[in-house]
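Student: Got a structure here, written out as structure tokens. Questions coming.
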Amino acid sequence: MINRLSFIKFIFICFIVICNFNTYGQERIIKSFNDDWKFARFGSMSDGSTLEEPKNIDEIGFNDANWRLLNLPHDWGIEGPFRANLPNQTGKLPWAGIGWYRKTYKSPQEDKGKRVFIEFDGAMSGTKVWLNGGYVGEWPYGYASFRLELTHHLKVGEENTIAVRLNNKAESSRWYPGGGIYRNVRLVKTNPIHITHWGVFVTTPKVNKEQATVHIKTDINEEISNLEILHEIYTKGANPTKVEAQKTAFKQDCDIIINSPKLWDLDAPNLYEVKTTLIKKGKVLDTYSSTFGIRTIEFTANSGFLLNGKKVHLNGVCQHHDLGPLGTAVNVRAMERQIEILKSFGTNAIRTAHNPPAPEFLDLCDKMGMLVQVEAFDVWQKKKVKNDYASLFGAWHEKDLRAMVKRDRNHPSVIMWSTGNEMIELRDAQDAPMAVMLADIIRSEDNTRPTTFGNSRPEATTNGFEKTADVFGLNYKPHLYAEVHKANPNLPIYGSETASTVSSRGEYFFPVSENKKEGSGGYFQVSSYDFSAPNWAYRADLEFEAQEKNPYVFGEFVWTGFDYIGEPTPYNKDKTNLLNFTDPAEKTRMKEALKKLGKNIPPRSSYFGIVDLCGFPKDRFYLYQAHWRPNFPMAHILPHWNWEERIGKVTPVFVYTSGDEAELFLNGKSLGRKKKEKYKYRLRWNEVVYKPGTLKVVAYKNEKVWAKSEIKTTKKASHIKLSPDRTRITANGQDLSFVTVKIIDKNGLTVPRTHNIVEYSVSGPGEIIAIGNGDPTNHESFQATKRKVFNGLALVVIRSKKGEEGKIVLHAKSSGLKTTNTEIAATLKK
């Protein structure tokens, strides 16, 4: 029998346990849900065969023992193989088909009484989800982030099986879309009363040097009495400090004053974080953290774009979402590297063509000082390809738009919302109300940024569409800037898509012609003299000139920053290939090549990039750098100087420089000093006769030496040089080192016309996850351990192994060349 003291002690212990149960885990719990999934494909398979989809895959008892085990994010398409009979418009990769992912996990007891959600940052595409055989929900748009609730099918304290079906339809994209759960997934567990999904909206309506008003709007899922709300604002960074806090009875809208605010700017991207806490009778119900920046933006018809009151010209590029040889599977380091490379030649803005990006991409842009136009769709109701978004538009456009804006509206990097790209509706004035409707949906969620769209139709500048956007984008219409501005003097305008110059890194064809249809080689490459462009496009110089003549144009977004998989214009359709040749002999040779190939045109990735698919600069990189970074001393010579078959032949030499004039020397002899003329952006020595040796340029600015550069005829290839972009990476199973492979001569110079096959192996706590070379025609697997270099260069991507520290050693060997290796340290400390 329990005595009185023991009974009191027992009751006290029970009281403590109950109190702890009521408070433990009441705050929001967010857990990565990326690891340990089972995966299988059905329908159209990677090898071209067809496999029937079994029944009842969503059920708990389905046998997935033989399925592949993997971690997310995952792109099944990039695994290949490349197939000649697949369309090169979408990369000749087998991304179309049905994919299933299954995962069994135990729900802990603390899930009792919780609302449990699964969040997908993106899954390509047609996503449907089941838990324990019960249907949870769907979201078909492959670029959308979305949340589904698991609570009603969850077995607390037991094993649970989640099943996800994707149906990636063929002919649903105009570029390589990838396939699979290619972005991050997480479980979110909340109290029954909680802040809604993306439910904290932070704006800065009043900003000056002395103080800023931070307006916080908080949405909760259910109104209850006696609820308090606490907002705490911190600086964000290595050593966060509390700046301000305010606790009141719950109200949806709250203003907090910050004194001496640190503004978010391109050169000083200062960030803050607000921690929002819901409290009832002293108990925490929910917490929610939001990153934001304090800054002002303004678009004007004459002064252009103002950031914090200062004019900023947008030196922008368009970017598709793939990460080159890595495919579409999200990796933060890979995205960070892309932004680093873009910034290095002067990019300060990115258009996410033609879809919402991964959320981590915008986190990086916030952190790194990059402006962003977030775009929603490639099409509206009228389709461009058979199974594209047009089939979803009617039922899903509002949900997708609201999801895009609510997810991304706290990012200071985001300065514009685009409702779409080159929509067919732009031809017809009757469709203009659709543009208004979409813009109104966006404004209902965020009225602090302008709406826009990419317009390629001349008629849309006069048929009413020009009045439906807050800022008006013109695709490939530099000749219309003045006309549109005159007709709409109060409308801010910009180049929403420009140039579309095409080139292959390190390829040069002769004779050099300014005809944009010339310069395509018989082996499906395009000359890097930077004149070639499709029929709708033009070289970069014309856009530079148009913007200088029309300074109210607040910037441009070049197509594109990086090469991407798919859309290998000018070789994307065999019926157009012969149009790329004016030389009769070349045209005849190409005609014979096409006859043999039939429809199997080899290129599988684009030529549009300022840098290639691996991130290696093309010559255009330096043309843009010279123009976009006028205060950066630089000079670049093209072409390379290894032309043994051209001795005695005219071989034009171009120089791209941020200087205003330059003198060129061949083997020490001056070939003349040239000065940039107005609206001329490259210096040209058109009559240089090739002799082996050294080309040197000395650039001047304001009559003073500004920059020097030289290139040399190399010796025979003798070595492989390996250069990691980082020699220390985090052992988290996600961090990467990008290793540049160069074929060099005995003097350490890159030998430009080499295509050696190099074989790679790795030892230590790392693995090779991709290799590439930047050749748009190459069909070797990105997952292979050997491949040719392309014009002297290749790329190897090394990934750390989770939780394993140590020395990673990459080995490289090639017949006739000296074997080499490089070391990378993997450590648990950042």
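Student: THR300's amide H: which non-local residues (gap 5+, or another chain) put their own amide H closer than 5 Å, with H modeled 1.01 Å from N in plane and none for Pro or chain starts?
Tutor: Under 5 Å from the amide H of THR300: PHE305, LEU306.
Student: Using Cα-only point scatterers and the Debye equation, what is log10 of I(q)/I(0) for the stretch 719-827 at each q in 0.10 Å⁻¹, rounded to two decimals?
Tutor: With one equal scatterer per Cα and no solvent, log10 I(q)/I(0) is -0.26.
Student: Let me know the shape class of the stretch 212-324, please: from the alpha-carbon gyration tensor, a ≥ b ≥ c as square roots of the eigenvalues, rounded when a/c is under 1.5, otherwise prolate if a/b is greater than b/c, or oblate.
Tutor: prolate
Student: Work out from phi, with θ = phi - 60° and the Karplus expression 6.51 cos²θ - 1.76 cosθ + 1.60, the ³J(HN,Hα) of each residue of the stretch 166-180, listed in order in whole Hz, and give x for Gly and Pro.
Tutor: With the stated coefficients, the stretch 166-180 comes to 10, 10, 8, 6, 5, 6, 10, 8, 9, 9, 6, x, x, x, x Hz.
Student: Too long at a 32 Å Cα-Cα cut-off: which of LYS155/LYS830; LYS236/LYS310; LYS112/LYS169; LYS691/LYS788; LYS38/LYS155; LYS103/LYS280?
Tutor: Result: LYS155/LYS830; LYS112/LYS169; LYS103/LYS280 exceed 32 Å.
Student: What is the distance, in nm, between label points placed 7 Å from the Cα along the Cα-to-Cβ direction at GLU548 and at ILE29?
Tutor: For the pair GLU548/ILE29, the computed spacing is 6.3 nm.
Student: Output the pairs from LYS106/LYS275; LYS343/LYS786; LYS669/LYS696 with a Cα-Cα distance over 19 Å in this structure; if there are none, say none.
Tutor: Listed pairs above 19 Å: LYS106/LYS275; LYS343/LYS786.
Student: Return P(r) of the stretch 71-164 (all Cα-Cα pairs; 5 Å bins starting at 0; whole %; ordered from short to long distances).
Tutor: Histogramming the stretch 71-164 at 5 Å steps yields 3, 12, 20, 20, 16, 11, 8, 5, 4, 2, 1 percent.
Student: Determine, for each peptide in 811-818, 170-177, the mean count of other beta carbons within 10 angstrom over its residues, then list the peptides with the highest first.
Tutor: Working: 811-818: 15.2, 170-177: 21.9.
Listed from highest to lowest mean packing, they are 170-177, 811-818.
Student: Between LYS830 and THR588, take the C-beta separation as r, use R0 = 45 Å, and let me know the FRET efficiency to the nearest 0.05.
Tutor: Between LYS830 and THR588 the formula returns 0.15.
Student: Provide the per-residue ³J(HN,Hα) series for the stretch 491-498, in order, calculated from phi with Karplus coefficients 6.51, -1.76, 1.60 and θ = phi - 60°, each as a whole number of Hz, with x at glycine and proline positions.
Tutor: Result, rounded to whole Hz: 9, x, 10, 7, x, 6, 7, 9.
Student: If you don't mind, another one. Rounded to whole Å, give me the distance from the Cα center of the stretch 253-272 to that of the stretch 299-347.
Tutor: The distance from the Cα centre of the stretch 253-272 to that of the stretch 299-347 comes to 21 Å.
Student: For GLU228, put the label point 7 Å out on the Cα→Cβ axis and report which residues of the stretch 241-257 keep their amide N under 18 Å from it.
Tutor: Correct set: 244-255.
Student: Here is a further query. What list of ³J(HN,Hα) couplings, whole Hz, do you get for the stretch 699-710 from phi and the Karplus terms 6.51, -1.76, 1.60, once you set θ to phi - 60° and write x for glycine and proline?
Tutor: Whole-Hz 3J(HN,Hα) from phi for the stretch 699-710: 9, 10, 9, 6, 6, 10, 4, 10, 7, 10, 7, 8.
Student: To the nearest Å, what is the center-to-center distance of the stretch 141-188 and the stretch 383-408, using C-alpha atoms only?
Tutor: So the two Cα centres are separated by 17 Å.
Student: Something else now. Mind pulling the angle between the C-alpha long axis of helix 540-549 and the longest principal axis of the chain? Nearest 10 degrees, somewhere in 0 to 90.
Tutor: The angle comes out near 80 degrees.
Student: Largest first and to the nearest Å, give the Cα extent of the chain along each principal axis.
Tutor: Here the Cα extents, ordered largest to smallest, are 111, 62, 52 Å.
Student: Moving on. Which residues does a label at ALA482 reach in the stretch 527-561, if reach means a backbone N under 19 Å from a point 7 Å past the Cα toward the Cβ?
Tutor: What the label zone holds, given the 19 Å backbone N cut-off, is 541-555.
Student: Between ARG186 and GLU767, how high is the FRET efficiency from 1/(1 + (r/R0)^6) when r is the Cβ-Cβ distance and R₀ = 30 Å? Nearest 0.05.
Tutor: According to the calculation, E is roughly 0.75.
Student: Compare the peptides 357-366, 54-63 by average per-residue count of other Cβ atoms within 10 angstrom and give them in order, highest first. Show your work: numbers first, answer last.
Tutor: On the way: 357-366: 21.7, 54-63: 13.1.
Listed from highest to lowest mean packing, they are 357-366, 54-63.
Student: Report P(r) for the stretch 630-712: all Cα-Cα distances, bin width 5 Å, range 0 to the bin holding the largest distance, values in whole percent.
Tutor: 3, 16, 28, 25, 15, 8, 4, 1
Student: On to the next question. Taking the DSSP beta bridges in the stretch 295-372 as the whole, what percent of them are antiparallel, to the nearest 5?
Tutor: In the stretch 295-372, DSSP labels about 50 percent of beta bridges as antiparallel.
Student: Averaging sequence separations of C-alpha pairs under 8 Å and six or more residues apart, then dividing by the length of the chain, give the relative contact order as a whole percent.
Tutor: Values: 2094 pairs, mean separation 72.8, N = 830.
Once divided by the residue count of the chain, the mean separation gives 9 percent.
Student: Taking 19 Å as the cut-off for C-alpha to C-alpha distance, list the pairs among LYS128/LYS399; LYS716/LYS818; LYS311/LYS676; LYS721/LYS746 that go past it.
Tutor: LYS311/LYS676
Student: Of all DSSP beta bridges located in the chain, what percent are antiparallel, nearest 5? Before the final figure, lay out each step's value.
Tutor: Working: 156 of 188 bridges.
Taking every DSSP beta bridge with both residues in the chain, the antiparallel ones total about 85 percent.
No lab work stands behind these numbers, since they all come straight from the coordinates. Here the structure is a predicted model, which is why all the values come from computation and not from measurement. Virtual Cβ from ideal backbone geometry, glycine too; neighbours counted across all protein chains shown.
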